[in-house]
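Accompanying notes for the structure given below.
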Amino acid sequence: MPIKREIAYHVSIQEILDNKYVVNSESETNYFLVDDKKISRVNIIAVITNIQEKVLTIDDGYCEIILRDFNDKISPDLKIGDIVLIVGRPREYNDEKYIVPEIIKKLENTTWMELRQKDLNAIKKIVKPIKEIIKIDETENNLNGIKDIININDKGEGVPMKIILEKIENESGEEEIKKLLKMGEIYEIKPGIFKIL
């Protein structure tokens, strides 16, 4: 007898975050209860806003959620700013809601996300334009990138500004270094030499 797959519902991330996670017996699938629907699989189109090992953060225009990859579904070719289609299972553990992806497919055409946003907008929630999602996260990602550069290149005596600026791909590197200094994320051990706090 063929195994029947649950429907992968089109939902916003906010609907996952706002609704109750129901844990069933071992013989039944856990689900989120959304408007009387038992949602155990979701189909989401979103923008990647952060990448770490085995973890992606995505934003669908409502809010963000993380993907926890237990089965090597995250391709090394994916990068921040990519639009992806996600089919996966929403989960909750220690009050953290996340998605375990079954499929992660990069979409080259931004129209798909625009269409999905219009579709979800029928539930009368405000969405952020795709360009705004990417722009909001650019600064934070640049700051994290600078910290990563310092971590990787610090052999114990700090990292010169020249090396940091050579390795980042934007023109506002010095301003972002100053931001990190003000935020207390890094410190200057000698003029022009930086370390992570």
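Side notes on the structure shown:
- Exclusive hit being outside any helix (DSSP H, G or I) and at pLDDT below 75, set ASN141, ASN170: ASN170
- Test: residue in segment 64-82 that is touching a strand residue (DSSP E or B) at 6+ places or on another chain (Cβ under 6 Å) and basic (Lys, Arg): yes
- Scanning segment 1-29 for residues that are part of a loop (DSSP other than H, G, I, E, B), modelled with pLDDT of 85 or more and closer than 22 Å to ILE104 by Cα yields VAL11, SER12.
- With respect to being touching a helix residue (DSSP H, G or I) at 6+ places or on another chain (Cβ under 8 Å), within 25 Å of ASN144 (Cβ to Cβ), in the same structural domain as MET113 (by TED's automatic domain parsing) and at pLDDT 90 or above, VAL47 fits the description.
- Test set (1) closer than 20 Å to GLU15 by Cα; (2) not in a loop (DSSP other than H, G, I, E, B) - TYR62 fails condition number: (2)
The values are calculated or read from the model by the stated rules, or taken from the named source; none is laboratory data. Please read these numbers as outputs of a predicted model, since none were measured by experiment. With ideal geometry, Cβ positions are generated from the backbone for all residues, glycine too; neighbour counts draw on all protein chains shown.
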